[in-house]
1. Assuming R0 = 25 Å, can you tell me the calculated FRET efficiency for the pair residue A:214 and residue A:134, based on Cβ-Cβ distance, to the nearest 0.05?
2. Given contacts defined as C-alpha pairs under 8 Å and at least six residues apart, what's the relative contact order of region A:5-265, whole-number percent?
3. What percent of all Cα-Cα pairs in region A:5-265 falls in each 5 Å bin, counting up from 0?
4. With r defined as the distance between the Cβ atoms of residue A:142 and residue A:1 and R0 fixed at 25 Å, what FRET efficiency is calculated, to the nearest 0.05?
5. Using only Cα atoms, locate the centre of region A:191-251 and the centre of region A:50-86, then give the distance between them in Å, rounded to an integer.
6. With the crude spin-label approximation of a point 7 Å out along Cα→Cβ, what separation in nm comes out for residue A:207 versus residue A:149?
7. Contour minus end-to-end for residue A:188 and residue A:43, with contour as 0.36 nm per residue of separation and end-to-end as the Cα-Cα distance?
8. Subtract the Cα-Cα distance of residue A:95 and residue A:121 from 0.36 nm times their separation in residues, and report this length gain in nm to one decimal.
DNA sequence: ATGGTTGATGGTCAA
């Protein structure tokens with residue numbers, strides 16, 4: 001009924017600085033669909049030709065040098081949606097940001113989401129982060145109410161470590177964003193809406209992370225966080241056959257501070 | 001090792 005699908009999500013921290021790395025990743029990983037976050041470029045600056053040469057269609061949404069999301073697919077790229085219904089903006093008056101984009105690829109609606117960072121607990125950006133996730137959960141609920149058999153995945157950088165096991169040091173984050181109870185509750189609300197973390201069952205070893213700060217030798221010391229996820233609806237989650245984090249991609253000169261997360265779905 | 005990272009930008013801000 002469905003074809004097998006290999007899907008990845010990756011915060012690249014600038015598509016222009018990472019074009020060669022992305023191309024090399026596509027070659028080696030052989031993914032059908034790649035959700036990208038933090039392209040940090042307007043649509044007219046995205047390296048579409050270099051990606052097209054590899055056989056991938058590109059949908060990108062970027063308004064300026066911040067944020068920016070894309071979906072790359074070699075199994076079709078239909079019904080592209082920019083943002084989700086009810087997605088909040090930031091500031092006064094609220095300005096829409098380039099933080100969500102989706103397309104139907106190989107029968108699956110794949111979202112690339114870049115959840116607001118939150119900056120500091122007392123910063124307005126923190127409340128924005130919570131409101132943004134609340135709206136995402138609401139959209140997810142409504143989508144499944146309309147079609148319980150929907151195959152949909154929210155892939156991206158959530159800027160939240162859902163459990164204490166997902167950070168290198170609980171103490172370090174006590175007075176910072178990413179591990180506070182309201183953030184974790186906001187993340188859990190998306191899960192509870194019907195979208196499971198399909199990677200964790202395959203990556204349960206201690207200190208398994210997807211992000212390591214560039215500073216303080218965080219990567220060599222494996223002092224990171226697990227903040228990048230593929231959250232899949234039940235009909236899609238039932239098809240998962242394997243998942244992994246491409247930690248090798250974080251190594252060497254010119255790496256993003258995030259590693260790609262890869263999920264394979266059976267037919 | 002008295003430092004401390006990267007990217008977009010051309011001021012600093014953001015992560």
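Where a number appears in this text, it was derived from the coordinates with a stated rule and is not lab data. Bear in mind that the values here come from a model prediction, so they are computed numbers and not experimental data. Neighbour counts run over all protein chains shown; Cβ positions are idealised from the backbone, glycine included.
1. Details: r = 31 Å, r/R0 = 1.22.
Using R0 = 25 Å, I get an efficiency of 0.25.
2. On the way: 614 pairs, mean separation 49.6, N = 261.
RCO, region A:5-265: 19 percent.
3. 1, 6, 14, 19, 21, 18, 13, 6, 1, 0
4. On the way: r = 25 Å, r/R0 = 1.01.
Efficiency computed from Cβ-Cβ geometry: 0.50.
5. Centre-to-centre distance over Cα atoms comes out at 22 Å.
6. If labels sit at residue A:207 and residue A:149, their model points lie 4.7 nm apart.
7. Working: separation 145, 0.36 × 145 = 52.20 nm, distance 3.22 nm.
Extra length from residue A:188 to residue A:43 when fully extended: 49.0 nm.
8. Values: separation 26, 0.36 × 26 = 9.36 nm, distance 2.09 nm.
Residue separation times 0.36 nm, minus the Cα-Cα distance, leaves 7.3 nm.
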